[in-house]
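Following: one structure in structure tokens, then a few remarks.
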């Protein structure tokens, strides 16, 4: 059942080492400005992205939904998104379509004053697989359920592939996205393997409004499936999980690849406010956090609030130490990139 | 005796760490395509190589023969080669020439419907060493014994060298290959140290039909000899085994070196279907697996079948995640190469 | 209280691993000259910098002050600075302004014949923060307290930032430095994160006489704050300490960045006389040692004397083995730079 | 006393890890030739260097002398040099000048038919230090003592420097070498830190006949002094030993630097016959082994004989696997170089 799998995902992601072997944010080096000539208290972290004003260039990335645990987590996360004035996307809402009684694990967002709310459906569900495709009515229902401003369509085909029972058809998704993008403001999001330049151009062509790269470097769904498979001694899944553990495009490289004239969100492997500053340096508009908030969101609202405070403070410190009074200033800070990220960044130059 | 040495080889290769220090397939990085726009179930993995149609670009590489254990392994391997519709080469058939009663450790292939069967003799046996050279009659006998389509002539001079009792003459082999290649379709194969460009050009000139690179990165015969020598406290062999443990040309580099107008097979260090996809990306027609199947082939037919299923599935997943509906599409997938493989690839450019 | 924090700093720096992950001095490789054709005993290590003659291009870097422990350490350090005829800067003199009874933890320098004495105030204290800014009178008082030749203004904004109670305003510091530099010979010093080229140009423009780079590679104040925070379970500070542990510009790169027409002092991560020789090779005039002397300065005067003797001997050995009879000769010794420092050095070339 | 120090050197070199952190021979990669088209038994390893014919391009490098242990070792080494028809140099002969009764620890070479015998004196002894310089008579005596063909003058100034009691003057050595080179065929040798191009040109200019690079990568005399100092708790020497542990020019880079029109011998860190083949590839005429033979030379003549046999066999295997029938063929084998050696090799190109 979806619920069980989701709950298991959350628990494994909290406990096991399910991250890619390298975090590519570490390959970005910022030049320190010892004489910043600004006042920390006058730093302005506000951004306006696609008509929405956020207090920080920060979104709580799609994580969970559809289980009692998910409900508690979404409750905590949405309270904080409101409190800090940042964006939030829920986890895949498939469960809410398939079992309407699970709707309340998502719907609390509707009542919160969150400046950017994102509904979330999976690209595989847009077309007919073993189950029927989501209808226009399903999408309308989900979008309204949380009072969404944007509709995330997430691409997770590696995750589908490492599960033998996963969805196996990707043909026709682009066409369907073209239809949906006519009715809703769509954000395309990867769940851990990043978008190539080719993918970004196709998505832009279909009317997608923004791209959330969800690149390699943080949680590896192949790794999560590996640990799930170990428990049940499922050799096929263990094998696939190991083979594709480090498959994908590193998050910072994917931001560069996707800079094709749309707003780009950076996510995948962000650990702190310094990584968030690097999203901005690479050309991203917002940075998305998931795994680094998950454990705290599960523990208590206070822990979560602290964690967000810390990352915001780190972000402001990075702004201060680059002499940046605004997020626009930060975009101009000096940096350089080393291997292995450097080879990824220049992959399309050859 | 040959039988004992062969059996020992198999057992050591199963148990000890006998691989080269680095697996160079890891230095090839494929760009993920999050929006593949194909249906997994419509992926076509068939290939036609030298007039033979295989269901997958996959061959079970020459492994063993000449012992009771080898017989069981070859039985299992040939059943699976038939079942999956892939190629298979037997191990060195020298034993079958020297002791005709060992012929049945190879001959079961004759009855199987395997789309590509490869007989296998060693290059050192083509000329006079301490023993007489193989005659035309010997070759005719071996070729017919398994109903072969191709004759592998394997080059294993490092292996001969680290054994003080090994064959020590290589002079005249090329001339003899020229004669044989007039009568049989010959595939030249290295056993773990790869072919240089110079070697590939000489072999092509003598009429060889294909090259199987058998490069560095997987099983190191020097390492196997090292462990055999440890058991008998043979200091000379231990010394040579250690010195040449990592000698050779990495498999992916050798594929590039050997791209001189003949079909090239990639083997050496392949662990899974993702590595197989990399063989195709590098320009190889087929990928050969040995050590990664050996343990399963020894355990049971079921284990072996599973292992092949897993690697085929991984291969299809790699095709899917690069948006490749056919093996030809896969050849055009985007990738790049990092160190240390990069320096090997460009060694002839300087 | 400042005193307690200072004492704690010293103790943590002595005991814990509070250094950056990489020491970039190791990336500088000097070509050995086997035929030096000089006499070790005729090597001349004297330098003249800004009108002061030092027996070695060596300064004891600003370390401490304001506590009983600091008093003993400064006593030991100043005795040695006199004995060896090298420069010395005291630690931040803020304590002496705020509590005049602590003046004697610094003032012993006044009676010593040290060729280059440096008073030391923090850049954050130049402007109004939670407390009032230092007045002209304060500076006059501190300068005279030790009979200083130069006034170090130290920049430590990362350190301020990782402490939630730290000073948070940097606006107006440059203007104030311009005023002070009209009355005193000012040396701008970083405390572990280095100066960028932009910072060096701004400081030069304001009349600063020399720059002491204090770059990344040695003691990390973020690391020190991390360990302090662990003791009090202060999660906010632990978080910031970890995030910014390796923030900053490596010392040798900062020397290059700051070569804008002023004398540059190299400090940050110097461990021995070979590192000191590398300061000279990179274009620095003097090298500053702190952490590598601290433990000995605390233990006994004899230990400290030995430690300085050793580093001077190493420095002379490096001179000898590059055939350098004078510090000017050493500047012409052959060397090259490898990664990761190389990427830092060339960061402004792109 | 010299004797004690020498004996201690030998014992430490046998037991402790006294090698540099990296062995740069590993950065040279040879392209394997799978189709060698030669007969192992027809491989010709003979070389003629400076009028001497050796069965292998191999010399037993200067190791020891002056003690009872040294006598036994030199006895064993010289027997083997005669047996294998290779070159041999004795350790520093200073002891034989200072105490004539120690002459017999070297003199056994006089009776042996060794194709290349090298007497050995230290460059520091050529000029006046704390003791008087070697006279023409001393040199004549030493040269005749072993019936030498060549006079090694060894440069070991790092070793002198890390010992506070070491010789400290290098001025005038070149002039004296010019005089001596008029009377004897001189080989200049470093003892572990390599020669720069500048040094090679100066030595050539003074009439030196060959250069033995003795580069970084093998035994580090700084390391040996470090371990000696640990025993006596001599902090000064421990400090210098640690600081200069990895000082010097890697052996293969030094071969390239010294290719200024004289025969060059490669030594420093050679472990086996594959490393010897790399000496030839880099342009060296002979390879010198010391530490890798020392332990066996101390144990027994049989052990030593085996060790030399093994390295000769490895060397021939490397020749075979590059299709080299002669040492001249081997010079043309294909290879390439990776980091960190690559940066050293190109240091003079910038």
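The values are calculated or read from the model by the stated rules, or taken from the named source; none is laboratory data. Nothing here was measured: the structure is a model prediction, and the numbers come from that model. Glycine also receives a Cβ, built like all others from the backbone with ideal geometry; neighbour counts cover every protein chain displayed.
Scanning the stretch C:242-269 for residues that are free of Cβ contacts under 8 Å to residues at least 60 places away in the same chain and under 19 Å from residue C:226 (Cα atoms) turns up C:242, C:243. Screening D:74, D:55, D:120 for residues that are surrounded by fewer than 24 Cβ atoms within 10 Å (Cβ to Cβ), in contact (Cβ under 8 Å) with a residue 24 or more places away in the chain and under 28 Å from residue D:264 (Cβ atoms) leaves exactly one candidate, D:55.
So which of C:306, C:275, C:298, C:314 is free of Cβ contacts under 8 Å to residues at least 24 places away in the same chain and in a helix (DSSP H, G or I)?
Sole residue among the options that is free of Cβ contacts under 8 Å to residues at least 24 places away in the same chain and in a helix (DSSP H, G or I): C:306.
When restricted to residues that are more than 8 Å from chain C (Cβ to nearest Cβ), within 12 Å of the chain's Cα centre (by Cα) and in contact (Cβ under 8 Å) with a residue 60 or more places away in the chain, the stretch D:192-212 contains 2.
Quick check: is even one residue across the stretch B:50-64 modelled with pLDDT under 95 and more than 22 Å from residue B:262 (Cα to Cα)?
Of the stretch B:50-64, the ones modelled with pLDDT under 95 are B:61-64.
Then keep just the ones that are more than 22 Å from residue B:262 (Cα to Cα); that gives B:63-64.
Within the stretch B:50-64, one or more residues are modelled with pLDDT under 95 and more than 22 Å from residue B:262 (Cα to Cα).
There is at least one residue in the stretch B:222-240 that is more than 8 Å from every other protein chain (Cβ to nearest Cβ) and in contact with a strand residue (DSSP E or B) (Cβ under 8 Å, 6 or more places away or on another chain).
Taken over the stretch D:340-350, the criterion of being closer than 18 Å to residue D:275 by Cβ and either within 13 Å of chain B (Cβ to nearest Cβ) or modelled with pLDDT under 95 (or both) is satisfied by D:340, D:341, D:342, D:345. Annotation: of all residues in the stretch B:326-339 being in contact with a strand residue (DSSP E or B) (Cβ under 8 Å, 6 or more places away or on another chain) and surrounded by fewer than 18 Cβ atoms within 10 Å (Cβ to Cβ), the one that is farthest from the other protein chains (Cβ to nearest Cβ) is B:326.
Residue by residue, here is whether (1) out of contact with any helix residue (DSSP H, G or I) (no Cβ under 8 Å at 6 or more places or on another chain); (2) crowded, with 21+ Cβ neighbours inside 10 Å; (3) more than 9 Å from chain A (Cβ to nearest Cβ) holds:
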site: B:276; (1), (2), (3): no, yes, yes
site: B:280; (1), (2), (3): no, yes, yes
site: B:284; (1), (2), (3): no, yes, yes
site: B:290; (1), (2), (3): yes, yes, yes
site: B:295; (1), (2), (3): no, no, yes
site: B:298; (1), (2), (3): no, no, yes
site: B:307; (1), (2), (3): no, yes, no
site: B:311; (1), (2), (3): no, yes, no
site: B:315; (1), (2), (3): no, yes, yes
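In the stretch D:106-115, what residues are part of a helix (DSSP H, G or I) and within 19 Å of the chain's Cα centre (by Cα)? I'd like the intermediate steps shown before the answer.
Keep residues of the stretch D:106-115 that are part of a helix (DSSP H, G or I), which gives D:107-111.
The answer is D:109, and nothing else.
Looking for something over 30 Å from residue B:17 (Cα atoms) and crowded, with 21+ Cβ neighbours inside 10 Å - is there at least one such residue anywhere in the stretch B:187-199? No: the stretch B:187-199 contains no residue that is over 30 Å from residue B:17 (Cα atoms) and crowded, with 21+ Cβ neighbours inside 10 Å. Restricting the stretch C:317-347 to residues that are more than 24 Å from the chain's Cα centre (by Cα) and assigned to a helix (DSSP H, G or I), the residue that is nearest to residue C:73 (Cα to Cα) is C:320. Filtered by the rule that a residue be more than 15 Å from residue B:30 (Cα to Cα) and touching a strand residue (DSSP E or B) at 6+ places or on another chain (Cβ under 9 Å), the stretch B:340-350 gives B:340, B:343, B:344, B:345, B:346, B:347, B:350.
Checking each residue in the stretch B:176-185 for being more than 13 Å from chain D (Cβ to nearest Cβ) and under 22 Å from the mean Cα position of the chain (by Cα) picks out B:180, B:181, B:184, B:185. Residues that are surrounded by fewer than 19 Cβ atoms within 10 Å (Cβ to Cβ), out of contact with any strand residue (DSSP E or B) (no Cβ under 6 Å at 6 or more places or on another chain), modelled with pLDDT under 95 and away from chain B (no Cβ under 12 Å): does the stretch A:249-266 have at least one? No, the stretch A:249-266 contains no residue that is surrounded by fewer than 19 Cβ atoms within 10 Å (Cβ to Cβ), out of contact with any strand residue (DSSP E or B) (no Cβ under 6 Å at 6 or more places or on another chain), modelled with pLDDT under 95 and away from chain B (no Cβ under 12 Å).
Please specify each residue of the stretch B:40-58 satisfying the condition of being in contact with a helix residue (DSSP H, G or I) (Cβ under 6 Å, 6 or more places away or on another chain) and either within 8 Å of chain A (Cβ to nearest Cβ) or farther than 16 Å from residue B:81 by Cβ (or both). Scanning the stretch B:40-58 gives B:40, B:43. Among the candidates B:125, B:129, the residue that is in a loop (DSSP other than H, G, I, E, B) and either at pLDDT below 95 or crowded, with 23+ Cβ neighbours inside 10 Å (or both) is uniquely B:129. Run residue A:37 past the list (1) within 14 Å of chain C (Cβ to nearest Cβ); (2) in contact with a helix residue (DSSP H, G or I) (Cβ under 8 Å, 6 or more places away or on another chain); (3) buried (at least 17 other Cβ atoms within 10 Å of the Cβ) and report the number of the one that doesn't hold. So the condition that residue A:37 fails would be (3). Here the condition is being part of a helix (DSSP H, G or I), modelled with pLDDT of 95 or more and closer than 29 Å to residue C:25 by Cβ; of C:223, C:229, C:188, C:200, it holds for C:200 alone. Out of the residues in the stretch B:143-175 that are touching a residue at least 60 places away in the same chain (Cβ under 8 Å) and away from every other protein chain (no Cβ under 13 Å), state the one that is surrounded by the fewest Cβ atoms within 10 Å (Cβ to Cβ). Going through the qualifying residues, I end up with B:149.
Here residue B:118 clears all of (1) closer than 20 Å to residue B:170 by Cβ; (2) at pLDDT 95 or above; (3) outside any helix (DSSP H, G or I) except the condition numbered (1).
Among the residues of the stretch D:141-173, those identified as within 28 Å of residue D:224 (Cα to Cα) and part of a helix (DSSP H, G or I) are D:142, D:157, D:158, D:159, D:160, D:161, D:162, D:173.
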